[in-house]
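Taking it in order: structure first as structure tokens, then the write-up.
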2 protein chains.
Amino acid sequence: MGERYGSLVSVRPDVRVVDCTLRDGGLVNNFRFSDEFVRDLYLTNIKAGVDYMEFGYKASKEIFNPENFGKWKFCDEQDIRNIVGDNKTDMKIAVMADVGRTDFHKDILPKEESVIDMIRVATYINTIPAAIEMIEDAKEKGYEVTVNIMAISKVHEADLDAGLELLAQSNVDVIYLVDSFGAFYPEQIERLTKKYMDVAQKYNKIIGIHAHNNQQLAFANTIEALSRGASYLDATVSGMGRGAGNCYMELLLSFLKNPKYNKIAVMSFVEKQIDKLRAEGVIWGYDIAYLLTGILNSHPSAAIQFIKEHRNDYAMFYQELLDDAL
Amino acid sequence: MGERYGSLVSVRPDVRVVDCTLRDGGLVNNFRFSDEFVRDLYLTNIKAGVDYMEFGYKASKEIFNPENFGKWKFCDEQDIRNIVGDNKTDMKIAVMADVGRTDFHKDILPKEESVIDMIRVATYINTIPAAIEMIEDAKEKGYEVTVNIMAISKVHEADLDAGLELLAQSNVDVIYLVDSFGAFYPEQIERLTKKYMDVAQKYNKIIGIHAHNNQQLAFANTIEALSRGASYLDATVSGMGRGAGNCYMELLLSFLKNPKYNKIAVMSFVEKQIDKLRAEGVIWGYDIAYLLTGILNSHPSAAIQFIKEHRNDYAMFYQELLDDAL
């Protein structure tokens with residue numbers, strides 16, 4: 001058997017649970033959550049023992065017109081404070097900043113002026129130097145900083161190795177293994193986590209995991225990465241996230257043995273808020289269309305469109321995807 | 001890394017895919033499938049390269065009143081033949097026979113009089129001697145025979161070891177690792193498959209896997225068992241099966257690399273038949289209620305009732321389950 005970190009019945013003190021519902025879920029409804037939803041989620045996460053709550057993106061208002069999105073696309077300081085006040089709780093606040101889509105010099109305030117604790121930089125393999133600029137900026141401003149290397153299922157191993165090495169030499173705290181397209185099997189997550197952990201151990205970094213549910217493997221891949229050494233675990237309530245969505249928070253908290261985690265708090269939130277969202281027609285989660293983009297290692301955009309059009313002619317859709325892949 | 005059988009890109013010639021839609025799915029709708037559904041599924045499975053199609057149970061008509069069930073609870077020879085004729089195809093026909101609920105002396109015909117190829121005996125740990133009687137009867141009659149030891153997540157390791165040893169000394173061909181309650185994590189499936197494989201290799205038996213989706217792990221657990229040596233893989237179309245259902249056939253065929261398997265045939269069946277079933281109000285699949293019975297290692301019956309009553313007060317349901325467990 002391969003080496004495992006911890007056991008199924010014990011607590012790993014390095015584990016941190018990150019709720020990404022507003023951020024990845026915001027991609028489903030254009031970040032148009034009611035204040036009541038956001039406040040309830042905040043209180044739920046505190047009760048559930050969640051370690052970090054990601055509120056959304058720090059997107060550039062010069063690139064994106066605020067009229068076209070809910071406020072969590074931008075995460076203005078005052079909007080967060082309207083929900084959390086000074087956040088005098090044990091739970092930390094995170095936001096995501098995309099390389100090339102964030103006016104980070106201007107929009108990311110010095111830590112002492114902000115209620116945000118952690119900046120999550122998101123990059124592709126070919127923008128890592130720009131990501132490092134953002135990482136160093138956020139570190140200098142006083143934040144905990146993580147980095148997501150996205151879409152690595154399309155990246156050659158040698159490039160990934162070089163990218164990991166570069167990032168590990170930066171001041172970033174956590175490097176995330178990200179399965180953007182829900183393309184990986186647990187066996188691949190095992191190997192990749194080992195690769196990320198080798199770099200982490202060399203440079204004293206932490207590894208995180210962010211999974212997608214195209215093949216109903218988001219939870220399985222998350223606990224696989226965990227048992228191979230990943231500590232920062234992303235999840236969303238009922239898996240709410242782009243396309244097939246993410247690892248379900250309910251599943252993850254049910255798995256973790258630390259008594260600080262309270263799965264029932266999240267289940268009560270589902271009862272109150274998530275069923276309502278779904279009834280309003282907000283759609284995410286596993287579907288054959290996402291399975292097909294997952295196994296073809298493609299962005300889910302075509303599947304999102306397929307579902308939006310209420311299509312279910314999967315055979316024809318598969319042919320269209322194959323044409324696109326040529 | 002632990003030992004793996006085969007790789008993610010190659011074909012394992014020992015693999016057999018078993019479609020259990022009518023049998024495990026029959027538990028959802030009392031086996032009331034239309035002939036058109038069954039015939040379409042039969043043709044779909046042939047096209048999809050499925051190796052075995054399970055038609056249902058061979059239940060005793062002295063115990064169960066045929067008026068209360070569809071015909072696939074009983075799988076009369078003539079009913080199967082009405083669908084498959086003499087089944088002049090490469091796909092084999094299977095039925096399940098529960099210990100204590102099958103008049104096997106009478107209802108299981110000699111193989112030369114039947115279109116059935118494989119008898120799947122289902123037993124609990126405490127009825128293994130009775131299961132062996134059925135196994136030997138079916139072997140003498142000329143069938144391929146498998147055995148499911150159910151509910152092993154509630155069985156002590158020493159009893160499981162003794163039961164496996166007994167079964168392995170019988171003439172059974174395949175011993176199934178069964179996660180009746182959807183309680184196991186892949187890490188446990190890894191260890192259990194190793195245990196089953198150790199016995200299999202000693203007595204020249206084959207190992208199968210039958211998973212449930214309470215924690216969205218049915219597919220992950222199936223491919224985990226596969227990569228640790230299991231060969232007979234149970235799945236159902238869209239996971240149709242009791243409670244949270246089973247491993248999705250669409251996911252499994254998308255994973256397997258043998259070109260004989262055709263996932264698109266199954267997806268077209270979903271388009272035509274499964275969406276219709278769901279629209280008619282037939283309900284199965286992952287729900288928080290099944291997650292809760294799964295993590296409590298309980299039979300899903302309470303969750304099935306919870307969902308039938310359209311409840312979503314998960315916190316209260318959890319308390320009820322805890323009371324039942326005391």
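Could you figure out which of (1) within 18 Å of the chain's Cα centre (by Cα); (2) surrounded by fewer than 23 Cβ atoms within 10 Å (Cβ to Cβ); (3) under 19 Å from B:F74 (Cβ atoms) isn't true of B:R16?
Going through (1) within 18 Å of the chain's Cα centre (by Cα); (2) surrounded by fewer than 23 Cβ atoms within 10 Å (Cβ to Cβ); (3) under 19 Å from B:F74 (Cβ atoms) one by one, B:R16 breaks only (3).
Would you pick out the residues in the range B:52-73 that are surrounded by fewer than 20 Cβ atoms within 10 Å (Cβ to Cβ) and either of a type in the set (F, W, Y) or not assigned by TED's automatic domain parsing to the domain that holds B:V115 (or both)?
Those that are surrounded by fewer than 20 Cβ atoms within 10 Å (Cβ to Cβ) and either of a type in the set (F, W, Y) or not assigned by TED's automatic domain parsing to the domain that holds B:V115 (or both): B:F64, B:F69.
Does A:I283 fit the bill of being away from chain B (no Cβ under 11 Å), surrounded by fewer than 24 Cβ atoms within 10 Å (Cβ to Cβ) and in contact with a Gly (Cβ under 7 Å, 6 or more places away or on another chain)?
When the stated conditions are applied, A:I283 does not pass them.
I'd like to know if the range B:228-240 contains one or more residues that are out of contact with any helix residue (DSSP H, G or I) (no Cβ under 6 Å at 6 or more places or on another chain) and facing chain A (nearest Cβ under 8 Å).
no
Within the range B:300-320, take every residue that is surrounded by 16 or more Cβ atoms within 10 Å (Cβ to Cβ) and not aromatic (F, W, Y) and give me the one that is modelled with the lowest pLDDT.
Ranking the candidates gives B:N312 first.
Which of the residues belonging to the range A:252-289 are in a loop (DSSP other than H, G, I, E, B) and acidic (D, E)?
Answer for the range A:252-289, where residues must be in a loop (DSSP other than H, G, I, E, B) and acidic (D, E): A:E280, A:D287.
Is the range A:52-73 home to any residue that is in contact with a Pro (Cβ under 9 Å, 6 or more places away or on another chain), over 30 Å from A:G229 (Cα atoms), at pLDDT 95 or above and not in a loop (DSSP other than H, G, I, E, B)?
yes
Which condition from (1) within 12 Å of chain B (Cβ to nearest Cβ); (2) within 13 Å of the chain's Cα centre (by Cα); (3) of a type outside the set (S, T, Y); (4) closer than 23 Å to B:F255 by Cα is the one that A:L217 breaks?
Result: A:L217 fails condition (2) only.
Of everything in the range A:239-261, what is of a type in the set (G, A, S) and without any contact (Cβ under 8 Å) to a residue 40 or more places away in the chain? Give them in sequence order.
A:S254, the sole residue that qualifies.
Given the condition farther than 23 Å from A:D35 by Cα and of a type in the set (S, T, Y), answer yes or no: does some residue in the range A:256-263 qualify?
Within the range A:256-263, one or more residues are farther than 23 Å from A:D35 by Cα and of a type in the set (S, T, Y).
Just give me the residues in the range B:252-264 being at the interface with another protein chain (Cβ under 9 Å from one of its Cβ atoms) and of a type in the set (S, T, Y), in sequence order.
Passing the criteria: only B:S254.
Tell me the residue from A:D98, A:D117 that is touching a strand residue (DSSP E or B) at 6+ places or on another chain (Cβ under 7 Å) and surrounded by fewer than 19 Cβ atoms within 10 Å (Cβ to Cβ), please.
Selected residue: A:D117, the only one of A:D98, A:D117 that is touching a strand residue (DSSP E or B) at 6+ places or on another chain (Cβ under 7 Å) and surrounded by fewer than 19 Cβ atoms within 10 Å (Cβ to Cβ).
Give A:L41, A:L22 a once-over and let me know the one that is in contact with a Ser or Thr (Cβ under 8 Å, 6 or more places away or on another chain) and not in a loop (DSSP other than H, G, I, E, B).
A:L41
Scanning for something within 20 Å of B:L251 (Cβ to Cβ) and facing chain B (nearest Cβ under 8 Å), does the range A:242-251 turn up at least one residue?
yes
Specify which of the listed residues (A:R32, A:R16, A:R12) is within 14 Å of chain B (Cβ to nearest Cβ) and touching a residue at least 12 places away in the same chain (Cβ under 8 Å).
Checking each option against the conditions leaves just A:R12.
Going by the conditions given, is B:L41 in contact with a strand residue (DSSP E or B) (Cβ under 9 Å, 6 or more places away or on another chain), over 21 Å from B:Y143 (Cβ atoms), surrounded by 15 or more Cβ atoms within 10 Å (Cβ to Cβ) and of a type outside the set (D, E)?
yes
Can you confirm whether the range A:311-325 contains a residue that is among the hydroxyl-bearing types (S, T, Y) and within 11 Å of chain B (Cβ to nearest Cβ)?
yes
From the set of residues in the range B:286-304 that are polar (S, T, N, Q) and touching a Leu at 6+ places or on another chain (Cβ under 7 Å), which is nearest to the other protein chains (Cβ to nearest Cβ)?
B:T293
Residue check, A:A279 against (1) touching a residue at least 24 places away in the same chain (Cβ under 8 Å); (2) over 19 Å from A:E54 (Cα atoms), all met but one. Which one?
It is condition (1) that A:A279 fails.
For residues that are aliphatic (A, V, I, L, M) and within 14 Å of chain B (Cβ to nearest Cβ), scanning just the range A:175-214, find the one that is nearest to A:V237 (Cα to Cα).
Selected residue: A:A211.
Go through (1) surrounded by fewer than 17 Cβ atoms within 10 Å (Cβ to Cβ); (2) touching a Gly at 6+ places or on another chain (Cβ under 7 Å); (3) under 13 Å from B:L167 (Cβ atoms) one by one and return the number of the condition B:E112 breaks.
All conditions are met except number (3).
Suppose we keep only residues that are among the polar types (S, T, N, Q) and under 14 Å from the mean Cα position of the chain (by Cα) within the range B:228-272. Which one would you say is surrounded by the most Cβ atoms within 10 Å (Cβ to Cβ)?
B:N246
Consider A:F269 against the criteria (1) in contact with a Phe, Trp or Tyr (Cβ under 8 Å, 6 or more places away or on another chain); (2) more than 29 Å from A:M316 (Cβ to Cβ); (3) hydrophobic (A, V, I, L, M, F, W, C): it satisfies all of them except one. Which criterion is unmet?
The failed condition is (1).
From the list B:A183, B:A225, exactly one residue is among the small types (G, A, S), surrounded by 21 or more Cβ atoms within 10 Å (Cβ to Cβ) and not in a helix (DSSP H, G or I). Which is it?
B:A183
Any chance the range A:193-206 includes a residue that's in a helix (DSSP H, G or I), more than 21 Å from B:Q188 (Cα to Cα), modelled with pLDDT of 95 or more and touching an Asp or Glu at 6+ places or on another chain (Cβ under 8 Å)?
Going residue by residue through the range A:193-206, those that are in a helix (DSSP H, G or I) are A:193-203.
Imposing the further condition that a residue be more than 21 Å from B:Q188 (Cα to Cα) reduces the set to A:195-203.
Next, only the ones that are modelled with pLDDT of 95 or more stay: A:195-203.
Now narrow it down to the ones that are touching an Asp or Glu at 6+ places or on another chain (Cβ under 8 Å): A:195, A:199.
Yes, that holds for at least one residue.
Out of everything in the range B:265-280 that is aliphatic (A, V, I, L, M) and more than 27 Å from A:K272 (Cα to Cα), what residue ends up being nearest to the other protein chains (Cβ to nearest Cβ)?
So in the range B:265-280, the residues aliphatic (A, V, I, L, M) come out as B:265-267, B:270, B:274, B:277, B:279.
Checking which are more than 27 Å from A:K272 (Cα to Cα) leaves us with B:265-267, B:270, B:274, B:277.
Numbers: B:A265: 8, B:V266: 9, B:M267: 4, B:V270: 6, B:I274: 10, B:L277: 13 Å.
Out of the qualifying residues, it is B:M267.
The values are calculated or read from the model by the stated rules, or taken from the named source; none is laboratory data. Here the structure is a predicted model, which means the values were calculated and not measured. A quick note on method: Cβ atoms are made from the backbone with ideal geometry, for glycine too, and the neighbour counts reach across all protein chains shown.
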